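Below: one structure, written as structure tokens.
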Amino acid sequence: MKPNSKIFVHSTLIIFLSITVSLFLYLNRIQPDYFIDEAFHIPQTLRYCAWNFTQWDPKITTLPGLYLIATAILSPFNLCQVTYVRCINLLGTCLNLCLLYSIIKQNSKPSEVDRDSWLVLALTYNLALFPPLYFWSFFYYTDVVSVSVVLLTQYLHQRNRTTMSALAGLLGVLVRQTNVIWLGFFTIECALDTFDRRMEQPVPPRVLSTPSHFRLIWKQIAYELHIGLSSFAKFVAEICSSLLPHLAVCLTFVAFVAWNGGIVIGDRTAHVATVHLCQILYFSAFVALFSWPYVVPHWRSCSRFLRRHWVLAGLAFTLMAATVRFNTLVHPYVLADNRHYLFYVWSRFMGRYAAFKYLLISIYGASLFAMWRNVAHLRFLSQINYVICVCAVLVPQLLVEPRYFILPYIFYRLNMRRPERWQIYCESLTTLAVNCLQFYIFASKVFYWEDQPYAQRISW
């Protein structure tokens with residue numbers, strides 16, 4: 001990296017840290033009391049800090065990974081206070097910034113990094129400041145640390161540190177159970193990497209990104225069988241060896257689920273598994289909102305696709321309309337909790353006007369088409385792997401929570417094609433505008449509930 005680039009990196013880092021710390025101090029001053037689920041998370045962490053590991057709040061539904069991390073950091077220095085507990089997510093945000101920079105730099109070509117180092121930096125800050133994630137940097141929720149350990153898993157996976165990657169994945173599961181799905185994602189990617197290494201001749205990326213990738217995998221298996229059983233046994237052993245650490249964690253989690261009687265611990269009444277296909281549509285709208293500069297350029301090609309394949313387009317529209325009609329499920333929290341943006345979206349638009357839900361189908365379709373085009377350069381089976389994992393994370397959830405979309409969105413953004421300059425500029429402006437708006441709403445819109453003494457505010 002050139003000296004001028006280093007100065008620029010350090011300058012932006014100082015600005016980022018200064019703004020983040022100042023915002024943290026301000027938000028903690030205006031909201032010193034527990035904010036929503038902090039009423040469960042912080043007291044549980046304070047119990048752990050006091051070395052009380054036997055008392056558990058049954059309202060908590062996640063494993064104690066976050067509390068153990070916070071205790072390990074704070075307890076040796078006797079810093080077990082609300083403000084310092086919230087600081088854990090500040091540390092997580094800084095770690096996310098470093099991990100995102102390293103991952104994006106690894107994904108970029110060396111020539112691009114040398115020529116456009118600002119591009120790597122801009123993409124890093126756009127994701128580190130991603131509003132639904134950045135907001136929780138200032139409060140004690142599982143989201144920031146959950147993203148940290150999953151990004152750490154990917155960072156180690158990129159460097160072929162299989163065992164360490166699996167251990168990071170285990171830590172991710174301890175922070176939030178659904179992170180086992182992303183560990184499964186990396187398990188499949190490890191297997192695909194092994195197949196790629198075994199192929200006799202390099203395969204052009206243009207071929208790998210098509211359904212021919214599946215045929216090549218099948219041909220490789222047939223080729224190993226054709227050589228002989230001993231060769232095939234060595235081939236299977238190589239794959240199993242590369243996957244063993246990940247499989248050990250995944251199988252341990254399966255055993256835990258069987259023993260626990262489900263993935264959720266504590267109060268399960270609000271987290272009953274269901275089939276909620278509309279979650280995928282909501283996620284596509286979420287993507288369109290925050291990454292619209294990467295959606296808009298595909299509208300013209302989307303229109304051409306609709307004209308050429310009007311039967312397929314009609315079928316897709318019918319399926320989305322049927323999904324909206326028969327699978328629009330509403331969690332009681334969405335109807336009752338006015339501390340979340342979704343409450344106002346539902347009460348003023350989607351729940352009030354029946355036609356509004358169907359008007360969004362065009363946005364869903366355009367966004368899904370753009371997402372497909374933006375990751376079409378990836379290995380075909382990696383694309384399928386991502387789709388399956390996103391469905392596994394979102395579809396069983398009855399509650400529509402923007403926080404659930406964070407990791408699927410980050411994985412999507414990290415694996416997109418190299419963006420144009422104007423797209424990065426527009427995304428940065430959007431990120432800045434939404435952050436300013438969300439913190440303004442949080443600071444200015446204050447109300448109280450009759451059954452709670454704390455001030456209530458609006459957030460994601």
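The values are calculated or read from the model by the stated rules, or taken from the named source; none is laboratory data. Bear in mind the structure is a predicted one, so any value in this text is a computation, not a measurement. Because the Cβ atoms are built from the backbone with ideal geometry, glycine has one as well, and the counts that use them run over all protein chains shown. The accessibility values were calculated without ligands, DNA or RNA, using every heavy atom of the protein model including side chains. Shrake-Rupley method; radii C 1.70, N 1.55, O 1.52, S 1.80 Å.
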Please compute the Kirkwood hydrodynamic radius of region 306-382 from all pairs of different C-alpha atoms, in Å with one decimal. 14.8 Å
Where the centroid of each part is defined by its Cα atoms, how far is region 375-449 from region 310-340 in Å? 19 Å
The Rg/Rh figure for region 34-92, Cα atoms and Kirkwood Rh, to two decimals is 0.92
Cα-based Kirkwood hydrodynamic radius, the chain, one decimal, Å: 24.0 Å
Points 7 angstrom from Cα along the Cβ direction at A285 and S75: gap in nanometres? 4.4 nm
Lone cysteines in the chain, going by a 4.7 Å Cβ-Cβ cut-off? C87, C94, C98, C190, C240, C250, C278, C302, C389, C391, C426, C436
Protein accessible area in region 1-148, 1.4 Å probe - carbon and sulfur %: 65 percent
Taking the Cβ of Y294 as the centre, find all other residues whose Cβ is under 12 Å away and add up their charges (Lys, Arg: +1; Asp, Glu: -1). +2
How many times 2.2 N^0.38 Å is the alpha carbon radius of gyration of region 1-56? 1.84
Could you pull out every residue, at least 5 positions away or on a different chain, whose amide H is within less than 5 Å of the one on H340? Hs are placed 1.01 Å off N in the peptide plane, and Pro or chain starts have none. S459
Given a Förster distance of 41 Å, report the FRET efficiency between R421 and S22 from their Cβ-Cβ distance, rounded to the nearest 0.05. 0.90
Take the Cα gyration tensor of region 186-250, multiply each eigenvalue by 5, square-root it, and list the three semi-axes largest first, rounded to whole angstrom. 20, 17, 8
If you add up the charges near F235, with Lys and Arg at +1 and Asp and Glu at -1, over every other residue whose beta carbon is less than 9 angstrom from its beta carbon, what do you get? 0
Sticking to Cα atoms, compute the Rg of region 1-124 to one decimal and its Dmax as the biggest Cα-Cα distance, whole number, in Å. 18.8, 55
Fully extended, how many nm does the chain gain between Y223 and L68 (0.36 nm per residue separation, minus their Cα-Cα distance)? 51.0 nm
How are the alpha carbon pair distances in region 400-460 distributed across 10 Å bins from zero to the largest one, expressed in percent? 17, 33, 30, 14, 6, 0
Over the chain, how many pairs of lysines fall under 23 Å by alpha carbon, counting only those 8 or more apart in sequence or from different chains? 5
How long is region 225-350 along each principal axis, judged by its Cα atoms, biggest number first, in Å? 63, 50, 29
Give the calculated FRET efficiency between K105 and W299 to the nearest 0.05, with a Förster radius of 30 Å applied to their Cβ-Cβ distance. 0.45
Excluding Y341 itself, what net charge comes from residues whose Cβ is under 15 Å from its Cβ, given Lys and Arg +1 and Asp and Glu -1? +3
Any idea of the accessible area per residue across the chain, 1.4 Å probe, to the nearest Å²? 50 Å²
Short to long, in 5 Å steps from zero, the percent of alpha-carbon pairs of region 48-205 per bin is 2, 8, 14, 17, 18, 15, 11, 7, 4, 2, 1, 0
Give me the extension gain from D196 to V272: residue separation times 0.36 nm, minus the current Cα-Cα distance, reported in nm with one decimal. 23.4 nm
With label points built 7 Å along Cα→Cβ from the Cα atoms of C436 and S362, find their separation and express it in nm. 3.0 nm
Grab the beta carbon distance between T83 and L247, set R0 = 41 Å, and tell me the FRET efficiency rounded to 0.05. 0.50
What distance in nm lies between label points placed 7 Å from Cα along the C-beta direction at R161 and I384? 3.2 nm
Starting from 0.36 nm per residue, how many nanometres of slack lie between V345 and A392 once their C-alpha separation is accounted for? 14.4 nm
Relative intensity, log₁₀ I(q)/I(0), of region 373-423 from a Debye sum that treats every alpha carbon as a point, q = 0.26, 0.27, 0.30 Å⁻¹: -1.03, -1.07, -1.18
Over all viewing directions the Cα convex hull of region 122-244 casts an average projected area in nm² of 9.7 nm²
